[in-house]
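Okay, structure first, notes after.
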Amino acid sequence: MKKVDHIGIAVASLEESMVLYTEQLGMKHMKTETVKSQGVTVAFIDAGNIKIELLEPTGPDSPIAKFIEKRGQGIHHIAYSVQNIEDRITEMKERGIQMINETAKPGAGGAQVAFMHPKSTGGVLMELCEKKEEL
């Protein structure tokens, strides 16, 4: 793993949450996109040395909607930048990490992503993230 790529934060409303990050904290909104395969709309925030992804559910069946219902708004996951994501998935499994995604799938910002199960990572949802180019 090369570095922490971003921190995903589950929010009920991007519109309301953006006020905190951009107006009150003075961070830069980079772009917003919807990732249909994940059931989420993502706002990318430049926090200087790291990116923050604000994750708003697109519907009640979205994994983010279920997360918010169960745990409330807050940190959802930590993503690690990797190269050769399929190799990293295999490596994690060989090291005893249970994967939620057995193969990479499309994520926000054109990335390929795969999540590790929190049962294998001390209760923290972790994501492997391979990007062809930096956002």
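FYI, it's all coordinate maths here, none of it is from the lab. Just so it is clear, the model here is predicted, and its values are computed rather than measured. When we count neighbours, we look across all protein chains shown, and the Cβ atoms used for this are built from the backbone with ideal geometry, even at glycine.
Annotations for the structure displayed:
- Under 12 Å from the Cα of residue 66 - aspartates and glutamates, other chains or at least 8 residues apart: 56
- 3J(HN,Hα) along the range 19-34, derived from phi through the Karplus expression 6.51 cos²θ - 1.76 cosθ + 1.60 where θ = phi - 60°, amounts to 4, 4, 6, 8, 7, 7, 8, x, 7, 9, 7, 8, 5, 10, 8, 9 Hz, with x in place of Gly and Pro.
- Beta bridges per DSSP, both residues in the chain: antiparallel share near 75 percent.
- For 54, 125, the sequence from fewest to most other C-beta atoms within 10 Å is 125, 54.
- Inter-centroid distance (Cα atoms) of the range 21-65 relative to the range 91-135, Å: 18
- The mean sequence separation of alpha-carbon pairs under 8 Å and at least six residues apart, normalised by the residue count of the range 3-130, gives a relative contact order of 25 percent.
- Ordering of 47-53, 20-26 by burial proxy (mean other Cβ atoms within 10 Å per residue, highest first): 47-53, 20-26
- Using Cβ point charges alone (K and R +1, D and E -1), the dipole size of the range 81-135 about the Cα centre works out to roughly 180 debye.
- Label of the coordinate-derived value, mean projected area of the Cα convex hull in nm², listed as (1) 10.7; (2) 7.9; (3) 8.7: (2)
- Nearest-20 debye value, the range 1-54 charge dipole, Cβ charges on Lys, Arg, Asp, Glu: 300
- Shown for 88, 95: other C-beta atoms within 10 Å of each C-beta, ranked fewest to most, produce the order 95, 88.
- Residue ranges 57-63, 4-10 sort as 4-10, 57-63 when ordered by packing (mean number of other C-beta atoms within 10 Å per residue, highest first).
- Think of the chain as a dipole: +1 on every Lys or Arg Cβ, -1 on every Asp or Glu Cβ, centred on the Cα centre; then among 103, 4, 118, 118 lies furthest on the positive end.
- Under 19 Å from the Cα of residue 132 - lysines, other chains or at least 8 residues apart: 2, 3, 31, 51, 105
- Sum of side-chain charges, residue 19 neighbourhood, beta-carbon under 15 Å (Lys, Arg +1; Asp, Glu -1): -3
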